[in-house]
Structures are given as structure tokens and as C-alpha cells.
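Here the structure is laid out as C-alpha cells; the discussion comes afterwards.
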Amino acid sequence: MHVITVNASEFAQWRNVSRELLKRDISPEYIVWQDPTLTQSSLDLFQDASNSHERNNNNFETDLSNIPVTTPKPSISAETLEAIELASCYRDDTRWALFYAIVWRVMHEDKQLLENITDNQIMRLNHMQKSVGRDIHKMHAFVRFQKISDSDHYVAWFEPEHLILKKTSSFFKNRFKNMTWSILTPDGGMHWDQQSLFYTESSSERPVINDELESLWLEYYRNIFNPARLKLKAMQSEMPKKYWKNLPEAPLIKSLSRESAARAEAMIEKNNQSISDKKLGKQMASIQKKFPTKTD
Amino acid sequence: MKQPQSQSHQQPYQKLQHKLAILADAAKYDASCASSGSIKRDSSNGTGIGSTSGGMGICHSYTPDGRCVSLLKILLTNFCIYDCQYCVNRLSSAVERARFQVDEVIKLTLDFYKRNYIEGLFLSSGIIQSSDYTMEQLVSVAKDLREKHDFRGYIHLKTIPEASPELLQQAGLYADRLSINIELPSKAALSNLAPEKNPQTIHQSMAQLKEHIDESKEYRAKKSDIIISDAKSRKSKYIYSPAGQSTQMIVGADDSVDTKILTLSNHLYKRYDMRRVYYSAFSPIPFASKNLPTKSPPLMREHRLYQADWLLRFYGFDLNDIHSAAAPTHGMLDLDIDPKLAWALANRDVFPINVNKAPKELLLRIPGVGVRGVEKIIQARQFKALRLDDLKKLRISIKKVAHFVETADPNTELKHLDSVLLKQLFIDSKTEQLALF
């Protein structure tokens, strides 16, 4: 049997192709998976026009039509497909081959394969799922909207590590239902006009927006930080540097850290500046004057 | 050219920014910023904004102190008629004072929320005029956010224990979480350092909150089929502080030892169903009182307390186990090693534990294995007899566990189990690691 080249760039597509392959009992070692969205540009560097034309014709229908169907109804559990669907957001063009190898083994080797968490392929699948899940969580957390002045349009620029934009739609839609917003990413834009959600082609760079409320956020960030407890490592493990460039507060980290020792010391020095008993009475009187007790 | 319009706009804005600086600074000694544990709700059928995830909260940022920024954590005012010695906002402190208007807090919360800076609001206050007056102000912020703005994000209200039962009852109708600070580990320390506070009142108010929370839980269990989250149904469904209550204790301002602190925590968890007890290492504060220790306790102490607290809640440890772990260090948790390891060293007869045969309760006792690690061991051992290498695949540190476990392959590290030098081995490997960085 010769090697077959197939294309997938989305989960649904991978699923359709895989179904046809499983119907024909084609073992993973005879299949080369290509992801046009992730690999095309690099492939094109090496291949001339005629070759790429050939590659486009080389889709599974032409190749598979000659191969007889031996397992008409291959079945894979919903849990397995759910796990793969999540992992398929992982930005890595080798993932489709891994997923096919896993469903092949689930069918032919072990129905419980996904439970076997020390298996190398399952470890890889779990790592991908976890990484994608974390990226989704961090996107929920680190997207920063800026309000366009004189309008009620909120716009954010975010660079997710994985292909998760659509996975975050329900979170933003249900949270900010009564706002008009756009989230732009290098993989495409997602927009909500308080009625419907729509997607646009990829954007190449962050828009320049000046939202003056940001200065209040920076003020808050500066003051909620306790300089007596510098723990930069703990901070970075939760907010890795790769996210910093799109967080308005991140430029403050350096100066706040640098000044922390001096500020903590100044706090201790002020220890001796507790006010005198005479002033204490005055302080009490001034609060009582400002906030008089109601008399009924 | 001068533009009078923009100037009049700018000035109140700067004033607001200055107030925010003072009232955020004043709030940072509260350790909690959690937005977790509430019910799941969103704005899909609402007129406002906001949602809560139900389980896990979201940290929208982290400050260089490693702390999560989840909520807009501010004081309504830092004016205060109390004189609690450990508090930066006490009457006799020379700190600069400010006060927010109710509407200012509401606008800030909504403006921050719309930009996805925060999960919601954590509001606390100094006591002005009277406890009831102050509590009324706090409640009215939460009430307006919910009812006028249909805000469905997270609200945590710091509750004033001396406020009237009616106000405590109201607060929970709008807040996701309520908290009353226990403040200090001993009653003697409290009456010494916070003469206006009464431990009995604190406990009574905690008991009242628990009662409302339980009632509301029961009510919801009966009608669990639908949870509607708009303000009106919130009341009719009787949703009261769905994320429960929490509290905070200051560590190192008095001489209570760790076992005493954890005994109190254990009581608070059991008696009032606290979701969390937060430990706040007494931090040097500006204008500190002379009655306080001049040095703050090492931050490691706070960390060890949290670790022991976790052992009590998630690892099946009881107070006897904590006493046993802290016995060699006279009731204080060992700062050099974590309390689970300290317990293991004091109870070596329990080890080695066989990872292929031991029940869950025993696996939870292995130093260096977390709750998730235990679950993974139980899952993986159904497929094969686990070897040390398999533990590595489960992302369990061999270095930490090798002295305490039996695996399918021979484990030469077990020979150190009874050695008096075992503790030193752990300390040495840690300093070695530090030296590498």
C-alpha cells in the first residue's frame, strides 16, 4: 500500500477524513497529514507551482475511492472526540496525525486507552488539552478592552498562544451581552453588536486607542501592590511574560519592583510617626464633625 | 488655547484618581481577592453586564507581590473611629484620609468591569459615625449595582460584626460572599490590640451568616432546577451569599503559636462552614503602633500556615497530626520544610507507602504528592504496576517522594528512611537548587 496524503485544518474536517480512513482500515503509518493553514507558507518555499497543483489534487476522495470500505460504521466514544476537539486548538501541525493514531488505537487496541495516562501518546494529548485550557482561561483573564472615545465600542487586541478564539466566544458574549465589542487577534477578529456574533479575517497589528480610564486602572494597580512582599517568581508563573506586551499595567512591574525595598523601608520609618494624644482627640473630633451621628 | 470645558472635566477626574490611590492602598492588607465558589450566572437574559463561573474564579492580573488581582478591592472610606493597633487606618494613624461616594464606587466598578480588568468588587470600610451607618453604605453600593444596573459580576462585602442583624441579612441578598475578620488568634490579644472589638460579637455574627447561608442553600436545593439571576428573582429565590463566608487572621502581631492558630481555624471551618481562613502575616505598616512587634514574621510562616490549613481541609489530617508535625519545633511549623514532610519525619513508621496497593487516605500522606497526584496514581495503577519512572510521567517529583514510597522496581533511596539525617537531606537539596539560580 502506498502512502496517502490528506489535509485537515479544523476539527470537523479531520473528523470527516478520519472517518473515511477508518472505514477502510488504513493504518496510521500509511497516512501523511497536512495542515494547510499552519504549513502552507513553509511548504511553498520548497515546491514549485506544478507540485503544489498536484498536492491539491491529492485529496482523499481521489485517493480513497479505489480502496474498498471494510468497516462501514467505525465508532469512537463521545469523550474521546471531545478530548480531541479541545486538543485540536493546539497550535502544532503534527496534531492531526497524533489524533488519528490515537483513534486507531482506541478502535484496534484498547477502548480505555484515554484512561492510560502514562501512555506517551495520551500524555501528549493531555498536555495539549491542558495547555489549550490554560490559554482559554488566560484569555478570559487578560483581554483588555479599550473604549473608543465618543462611541460605545470596546475594542481589545489579544495574541492567544493557541487557536482558541472561537472557544472564548460564549464567555465574552454572555458576560458583555449589552456592550458592543470587538476582540482582534492575529488569527482573526471576533465581534459582538449586542445581537449577533461574527468573525472577520485576521488582523495584523493592535489598533491604537487612547482610553483615559486606563490611568485609573494603573493607579489602582500601583496602590494595591504591597511593596513589603515582593514575590516576582510567583507573579511570573501565573502571568508569564508572553502576555505582558498587551497588558497596560505590565510596564509598571519593573519600576514597582525596583522601588519596593525603599518603599517598604519608608513604611517602617514612618512607624514612629504615630500621632500624639492631643492630636488623637482632634482626629476623633474631626471625624465626628464630618460624619455626625444622627439624632432621632 | 484653554478649554474650560475639558478643565472642569479633568479636575474631578484627578481627584477621583487620588481617592482611588488612598483607598486601594488602605485595602491591600486584606489578603483575599477570590472570586470563586459562587453560583453560575451570566447576563444573557439581563439588561446589564457580568457573569460568574460558578467554580473557579478568574485572576485578571498579578502584582509583583505575587498576589492575584481579581476584584476591585477598595475601602469606601479609611476614616475610622476605631483604634485597632495593627490597622493602618486606625484613628491614631497619621495616614491620609479619603472617602468615596456610593455612586463613585459603582461607576468605578462598572467602568473597570467593562474593560475586563476585574471580576467584580470587594468592598470594605472604616467605621464612620456608627457601625450601622457604615454597613448601610456598604449594602447600598451592592444593592444599587444589582438592582439599578443589573450587575451580575462578583461582589464581596466585608461585614461589620457590630452592625444590626437586619443589615447582615440584607447584605447577603446582594453579595456573593461575606466576610467578617476574626482579626487575631486569641481573645486576649484582641482585647489588648483592638479594644473596640468584641470576640463574642464576631462569633455571633458569623453564626448568623451561617444560618442565612444554610437556609438559602436548603431552599435552593429544593428548587435547584432553575436558577434565575436577575435582581428580583434573586430575592424571591432567596439566594444568600452563595459563595459562603470567609475570614482573615493576622499572624505575628501577637505571640500565638501556629498550633493555636490552626486550632482556631479548624474550629471556624467546622463551626461556621468557612470557605476560607486567610492568614495575613503582620506587615510593617506606616504609622504602626508602638504596642506591636517591630519586626514582621517571615512570609514563609504565612505560607506554612496555608499548607497546614490545606492538610486539614483536603488531605484528611486532623489537629493531632498538626501537633505531631509541629512538636519538634515547639508548636510552630518548621520554616525549613513543609508541614507534610515534617509530619512524615515525625511518623516514619507509616512509611514506606506502596503506591500500587495503598488506599487513597495513605497516598495523601506521601510528602510531595498533591491531591491531583494521588488521583493520577490511582488512575494509572489500573493499567500497570507503577515504577519510579511512571511517577515521573505523572509529574511527581522523584526527589521528593523516593524516600517514602515502594514501587514495582527496587528503590534504593528507601535506605535513608530511618536516618536521622533525612531532614538535612531535604534542606541541602533545596539550598543546592537555590545556588543554581
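The values are calculated or read from the model by the stated rules, or taken from the named source; none is laboratory data. The shown structure was predicted, so the numbers you read here are calculated from the model rather than taken from an experiment. Cβ sites come from the backbone with ideal geometry, for glycine too, and all protein chains shown count toward neighbours. We work out accessible area using only protein heavy atoms, side chains counted, and drop any ligands, DNA or RNA first. Shrake-Rupley method; radii C 1.70, N 1.55, O 1.52, S 1.80 Å.
Let me spell out the model: positive unit charges on the Cβ of Lys and Arg, negative unit charges on the Cβ of Asp and Glu, origin at the Cα centre of chain A. What dipole size does that give, in debye rounded to 20?
Working: 39 positive and 39 negative charges, 418 e Å.
With only Lys, Arg, Asp and Glu charged at Cβ, the dipole is about 2000 debye.
Compute, for region A:60-199, the length of the dipole vector about the Cα centre, with Cβ point charges of +1 (Lys, Arg) and -1 (Asp, Glu) only. Units Debye, rounded to 20.
480 debye
Take the Cα pairs of region A:200-248, get the Kirkwood Rh, then feed it into Stokes-Einstein at 25 °C and 0.890 mPa s and tell me D in µm²/s.
The Stokes-Einstein estimate is 180 µm²/s.
In whole Å, largest first, what are the principal axis extents of the Cα atoms in region A:138-296?
69, 49, 25
Evaluate the Debye formula for region A:214-273 with equal point scatterers sitting on the alpha carbons, no solvent, and hand back log10 of I(q)/I(0) at q = 0.16, 0.27 Å⁻¹, in q order, two decimals.
So the normalised log intensities are -0.57, -1.22.
Provide the per-residue ³J(HN,Hα) series for region A:73-85, in order, calculated from phi with Karplus coefficients 6.51, -1.76, 1.60 and θ = phi - 60°, each as a whole number of Hz, with x at glycine and proline positions.
10, x, 10, 10, 5, 4, 5, 4, 5, 4, 4, 5, 4
Sort B:170-179, B:199-208, B:97-106, B:250-259 by the packing proxy (mean of other Cβ within 10 Å over each peptide's residues), most packed first.
With the highest mean Cβ count within 10 Å placed first, the list reads B:170-179, B:250-259, B:97-106, B:199-208.
What are the extents of the Cα atoms of chain A along their three principal axes, listed from largest to smallest and rounded to whole Å?
Over chain A, Cα extents along the principal axes are 99, 50, 47 Å.
Cut-off 10 angstrom, C-alpha nodes, Gaussian network model of chain A. Which of A:Arg91, A:Arg19, A:Arg258 fluctuates the most?
The residue that fluctuates most here is A:Arg258.
Computed over the Cα atoms of chain B, what is the ratio Rg over Rh, Rh following Kirkwood?
Rg/Rh for chain B comes to 1.02.
Please compute one quarter of the surface area of the Cα convex hull for region B:291-340 and express it in square nanometres. List each step's numbers first, then the result.
On the way: hull surface 16.3 nm².
Computed as one quarter of the Cα hull surface, the answer is 4.1 nm².
Rounded to the nearest 0.05, what FRET efficiency do A:Asn126 and B:Asp255 have when you use their Cβ-Cβ distance and R0 = 45 Å?
It comes to 0.40.
Over the residues of the protein assembly as shown, compute the C-alpha Rg and express it relative to 2.2 N^0.38 Å.
Working it through for the protein assembly as shown, the quotient is 1.08.
Of B:Lys158/B:Lys187; A:Lys241/B:Lys217; B:Lys19/B:Lys187; A:Lys138/B:Lys73; A:Lys167/B:Lys114; B:Lys376/B:Lys415, which ones are farther than 32 Å apart at the Cα?
Beyond 32 Å: A:Lys241/B:Lys217; B:Lys19/B:Lys187.
Starting from the Cα of A:Asp25, step 7 Å toward the Cβ, then list every residue of region A:62-91 with an amide N under 19 Å from that point.
Taking a point 7 Å out along Cα→Cβ of A:Asp25, the residues of region A:62-91 whose backbone N falls under 19 Å are A:64-76.
Once the Cα atoms of helix A:95-108 and of chain A are each reduced to a long axis, what angle between those two axes, in degrees from 0 to 90 to the nearest 10, is obtained?
For helix A:95-108, the angle is close to 60 degrees.
Over all residues in A:116-129, what is the mean tally of Cβ atoms on other chains that come within 10 Å of each residue's Cβ? Walk me through the numbers before you get to the answer.
Details: counts 5, 10, 14, 4, 1, 0, 0, 3, 0, 0, 0, 1, 0, 0.
For peptide A:116-129, the averaged partner shielding equals 3.
Considering every residue in A:213-219, what mean count of other chain Cβ atoms within 10 Å of its Cβ is obtained?
Per residue, the average neighbour count from other chains is 6.
Looking at A:Val103, A:Ser131, A:Phe176, which one has the Cα that reaches farthest to the positive end of the dipole of chain A (charges on Cβ: Lys, Arg +1; Asp, Glu -1)?
A:Phe176
What nm distance separates the two modelled labels at A:Lys241 and A:Thr70, each placed 7 Å from Cα along Cα→Cβ?
The modelled label-to-label distance comes out at 5.3 nm.
Which of the cysteines found in chain B have nothing to pair with, since no other Cys Cβ lies under 4.7 Å from theirs?
Singleton cysteines: B:Cys33, B:Cys80.
Rank-order B:263-276, A:195-208, B:22-35 by packing density, defined as the average count of other C-beta atoms within 10 Å over each peptide's residues, highest first.
B:22-35, B:263-276, A:195-208
Can you compute the helix-only [θ] at 222 nm over chain A? Use -39500 (n - 2.57) per DSSP H run of at least 4 residues, normalise by all residues, nearest 500 deg cm²/dmol.
-15000 deg cm²/dmol
Quick check on chain B: helices-only [θ] at 222 nm, where DSSP H runs of length 4 and up contribute -39,500 (n - 2.57) each and the sum goes over total residues. Nearest 500, please.
Numbers: 16 runs with 185 residues, N = 437.
After summing the helix terms and dividing by residue count, I get -13000 deg cm²/dmol.
Averaged across the residues of B:112-122, what count of C-beta atoms belonging to other chains lies within 10 Å of each residue's C-beta?
The shielding value for this peptide is 5.
Counting only DSSP beta bridges with both residues in chain A, tell me the antiparallel percent, nearest 5. Before the final figure, lay out the partial values.
Values: 11 of 20 bridges.
Looking only at bridges with both residues in chain A, the antiparallel portion is about 55 percent.
Given a 1.4 angstrom probe, what's the average accessible area per residue across region B:347-436, in square angstrom?
58 Å²
Toward the positive end of the charge dipole of region B:240-280, about the Cα centre and with charges on Cβ (Lys, Arg +1; Asp, Glu -1), which of B:Gln245, B:Val277, B:Thr263 goes farthest?
B:Gln245
May I ask for the angle, rounded to the nearest 10°, between helix B:422-436 and the longest principal axis of chain B, with both axes built from Cα atoms and the value confined to 0 to 90°?
Its long axis makes an angle of about 60 degrees.
Using the Karplus curve 6.51 cos²θ - 1.76 cosθ + 1.60 with θ = phi - 60°, work out ³J(HN,Hα) for each residue of region B:293-303 in order, rounded to whole Hz, and write x for Gly and Pro.
For region B:293-303, the Karplus-derived couplings read x, 7, 10, 7, x, x, 4, 4, 5, 4, 4 Hz, x marking Gly and Pro.
Report ³J(HN,Hα) in whole Hz for each residue of region B:354-367, in order, from the Karplus equation J = 6.51 cos²θ - 1.76 cosθ + 1.60 where θ = phi - 60°; Gly and Pro get x.
7, 5, 8, 10, 5, x, 3, 4, 7, 4, 5, 8, 6, x
Roughly how large, in nm² to one decimal, is the mean projection of the convex hull of the alpha-carbon atoms in region B:340-400?
About 3.9 nm², averaged over all directions.
Using only the alpha carbons of region A:143-200, determine the length spanned along each of the three principal axes and report them from longest to shortest in whole angstroms.
33, 21, 18
Cα centroids of region B:37-98 and region B:119-155: how far apart, whole angstrom?
11 Å
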